[in-house]
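What follows is a single structure, written as structure tokens, with notes after it.
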Number of protein chains: 2
Amino acid sequence: MDRRVTKKGDDASGKERPTLKTLAFMTGLGVTTVSRALKDAPEIGAETRRRVQLVAKQIGYRPNRAGVRLRTGKTNVISLVLNTEHELMSFVSDIIYGVTEVIADTPYHLIVTPYSRSQDPLDPVRYLVETGSADGVIISRTQPNDPRARYMLEHGVPFATHGRTDMGLVHPYHDFDNYAFAGEAVRALAAKGRNRLALVTPPVGLTYFRYTVNGFADALSEVGASEVPFNTVSIDHTIEQIRMRTAQLMRRDDRPDGIISSAAAATLAIVAGIEDAGLKLGRDVDVVSKQSSEVLHLFRRELLVVNEDFRLAGSELARAVLGWIAGKEPGSLQSLSKPSEVLPYRG
Amino acid sequence: MDRRVTKKGDDASGKERPTLKTLAFMTGLGVTTVSRALKDAPEIGAETRRRVQLVAKQIGYRPNRAGVRLRTGKTNVISLVLNTEHELMSFVSDIIYGVTEVIADTPYHLIVTPYSRSQDPLDPVRYLVETGSADGVIISRTQPNDPRARYMLEHGVPFATHGRTDMGLVHPYHDFDNYAFAGEAVRALAAKGRNRLALVTPPVGLTYFRYTVNGFADALSEVGASEVPFNTVSIDHTIEQIRMRTAQLMRRDDRPDGIISSAAAATLAIVAGIEDAGLKLGRDVDVVSKQSSEVLHLFRRELLVVNEDFRLAGSELARAVLGWIAGKEPGSLQSLSKPSEVLPYRG
DNA sequence: CCAATATACTGAAACGTTACAGATTGCCAA
DNA sequence: TTGGCAATCTGTAACGTTTCAGTATATTGG
């Protein structure tokens, strides 16, 4: 029994996934016509077009990704490049959901491309570009002078960065206004009579470190408060390190009476450190912290919080890359998200 | 000037990505030979094989994924199917990193396939199978009678589940021993003299709900403690709901003196509810909670914790799917992770 | 020394898609 | 009638890979 007698496409019966050939056979048209009809090409008759599209819908035709990709080079893939050590848990989760929300009704798939501490952050990007694995890339942990952004720009690969760069090059980004955040935080603390402030910064090399530090500094002089330097940790440090350093700091005579934290996880450690030093939150010191989910007020209601929406960031970044892929001006695909006001615990 | 004179592959100069044709031209061999040489086929001479592989390495040849996929149907993709509303943040982040760790030095890519509350959980799986978008699938939120597992089994698609099923069908899984967890938790509370215990369960339909409930019930009768029913919430509920219901519960005369929580986020809410009711953790009630990162002891040091490692889960699941794809017996790709002991705060 | 056989290699076809360069038809102006 | 042209439709080739069915050469057994 030679199964090859019944060639695929000669019969329209099978359980095989329908292809253009199947569709062509069913409609009695040529493969080319079917292909063009499905993408609303102008040189296809109105009725034919409708007929093809109807049949395609009926039998659940889905273009074969490999076929399209091989022929056109279009992968229909967006890659999210993540650091496996230093990204915040909430960031990973929320940004992924934000991205998938946007690409849900597009043909795009999301692939996650990780890199670890030991690697050059450029490695995964280089891999993606060299192998042509994605039509667009989203990167985080953006630096003022970011080799990844430069590389992708040079290679003509659409991308969006979480955080801005400062290279005089224009590209899509989404950023949270950390300058405003730090400023608001300082003012909120000043309003509570705090005037010796410390800042737990973002990781030092990243762009938003600068924005945070500048917002902090400018607001300090605006309200006439002073800085208590606390440069031994950033939010990239471990819980234990932050906790220990905070305890050290808070045991000093010149300890701050207000602390600003750039991440919720760090804040847990900061508060623990404060309490290790025998001090009480809200009495001896106030803390303003960014958070990305409503968790800190359950932790200590004395905390002051500012919300950063990572899901929004994911959506914006996805929209930006897709926009660039679709031919929009990169310069028009930049967004900055204003911080919420500084929120105290509300019953 | 007709650029087509210089056909691709006729010259080995270009910046174009090398293909088998490039390699064939450079080595002076046929495309077929090169292809076979690269995969160590037996009918290729030892020297030829070495020569081809050397050249391939030198010029950084990478097989074109679309070509392979079109020809063989192999996608080299693993898909992780996630619920965009109900997965824990830490779960998403850790499991992704666990998976990527394992597939890092394989040709596999990880794609994230989301589905939302409104959708049938079977939808994304059906999509993946119908479009042949992945060689293997990882699902979570596994149910005793899981239509997704059944569907993939019927369609011959390798997969692994986070959590077990109970359909008499054998497939790879990784699970945390929630029966043991609940038992240990009960015993730890009993050891502190607590004997009226409440359980904040996993989501009701999922398999690990049963294991948790059974472990709880068996240990209760073992230590002679009694259950205070608390069926109005599960860890799928919002922080606010859990908090409110817990406060309600704790204001009753027959309130529990011990609570077991299946997730860290829920525990934050439970503690808030306890304190809303004017009670004190560690004095009026003890709480044992699962957590996936060291966060709860910063929150309240009176908490008792059990650690569940989601990164490990991710790695195990990835290993399991890859194993199945590679032809191993599905029954040999099952693993159960024992809970850590119940840990009090240690300085 | 011939045939059989093993060894090492090769071209053609196919996977599903799109782009290119026609082909066919009908209709109208000259 | 004829030539031209617009409107529709079509076959072929190509993307990069693997599989199938060989071919050519060397090696072996009798």
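Just so it is clear, none of the values below were taken in a lab; they were calculated from the coordinates. Quick caveat, the model's predicted, so the values are computed rather than measured. A quick note on method: Cβ atoms are made from the backbone with ideal geometry, for glycine too, and the neighbour counts reach across all protein chains shown.
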* With springs only between Cα atoms under 10 Å, which of B:Arg283, B:Arg148, B:Arg251 fluctuates most in a Gaussian network model of chain B? -> B:Arg283
* Please report, in debye to the nearest 20, how large the charge dipole of the protein assembly as shown is about its Cα centre when each Lys and Arg carries +1 at its beta carbon and each Asp and Glu carries -1 there. => 2280 debye
* Just name one of B:Pro42, A:His171, B:Ile270: the one whose Cα is farthest towards the positive end of the charge dipole of the protein assembly as shown (beta-carbon charges, Lys/Arg +1, Asp/Glu -1). => B:Pro42
* Cβ-placed point charges (K, R +1; D, E -1), dipole of chain A about Cα centre in debye, nearest 20 -> 1500 debye
* Among residues other than A:Ala190 whose Cβ falls under 14 Å from its Cβ, what is the net charge (Lys/Arg +1, Asp/Glu -1)? -> -2
* To do: Classify chain B as rounded, prolate or oblate, taking a ≥ b ≥ c as the square roots of the eigenvalues of its Cα gyration tensor: rounded when a/c is under 1.5, otherwise prolate if a/b is larger than b/c and oblate if not.
  => prolate
* Counting alpha carbon pairs within less than 8 Å and at least 6 residues apart, what relative contact order, in whole percent, applies to the range A:103-227? -> 20 percent
* To do: Go through B:Val81, B:Ala134, B:Phe310 and say which Cα lies farthest out towards the positive end of the charge dipole of chain B; charges sit on Cβ, +1 for Lys and Arg, -1 for Asp and Glu.
  => B:Ala134
* Asked: What is the mean number of Cβ atoms from other protein chains located within 10 Å of the Cβ atom of each residue in peptide A:66-72, rounded to a whole number?
  -> 5
* To do: May I ask you to derive the relative contact order of chain A, considering only C-alpha pairs under 8 Å and at least 6 residues apart, and to give it as an integer percent?
  => 17 percent
* Quick one: which residues, 5+ away or cross-chain, put their amide H under 5 Å from the amide H of B:Thr113? H built at 1.01 Å from N. => B:Leu80, B:Val81, B:Leu82
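Which of the pairs A:Lys74/B:Lys328; B:Lys39/B:Lys338; A:Lys328/B:Lys57; A:Lys74/B:Lys39; B:Lys192/B:Lys338; A:Lys280/B:Lys192 have their Cα atoms more than 32 Å apart in this structure?
Values: A:Lys74/B:Lys328 34 Å; B:Lys39/B:Lys338 40 Å; A:Lys328/B:Lys57 38 Å; A:Lys74/B:Lys39 27 Å; B:Lys192/B:Lys338 23 Å; A:Lys280/B:Lys192 29 Å.
In this structure, A:Lys74/B:Lys328; B:Lys39/B:Lys338; A:Lys328/B:Lys57 exceed 32 Å between Cα atoms.
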* To do: If a/c stays under 1.5 just call it rounded; otherwise compare a/b with b/c (prolate if a/b is bigger, oblate if not). Do that for the range B:67-168, with a ≥ b ≥ c from the square roots of the Cα gyration tensor eigenvalues.
  => oblate
* Structure fact -> Footprinting proxy, B:Met89, A:Met26, A:Met167: sorted fewest to most Cβ within 10 Å, the residues are A:Met167, A:Met26, B:Met89
* Asked: What is the sum of charges around B:Lys74, taking Lys and Arg as +1, Asp and Glu as -1, for the other residues whose C-beta is under 10 Å from the C-beta of B:Lys74?
  -> +2
* Asked: Can you pull the mean other chain C-beta count within 10 Å for peptide B:194-207?
  -> 0
* **Order of A:Leu281, B:Leu110 under a 10 Å beta carbon neighbour criterion, fewest first** => A:Leu281, B:Leu110
* **5 angstrom amide H check on B:His237, placed H, neighbours 5+ away** => none
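Order by neighbour count: A:Val170, A:Val271, B:Val204, fewest other Cβ atoms within 10 Å first, most last.
Ascending number of Cβ neighbours within 10 Å: B:Val204, A:Val170, A:Val271.
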* Mind jotting down the distance between the C-alpha centroids of the range A:37-108 and the range A:173-230, whole Å? => 42 Å
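Under the rule a/c < 1.5 gives rounded, and otherwise a/b versus b/c splits prolate from oblate, where does the range A:190-347 land using the Cα gyration tensor?
It comes out prolate by the Cα gyration axes.
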* Structure fact -> Cβ-Cβ cut-off under 14 Å around B:Arg141, Lys and Arg +1, Asp and Glu -1: the net charge is -3
* **Cα-centre dipole for the range B:198-347 with unit charges at Cβ (Lys and Arg positive, Asp and Glu negative), debye to 20** => 280 debye
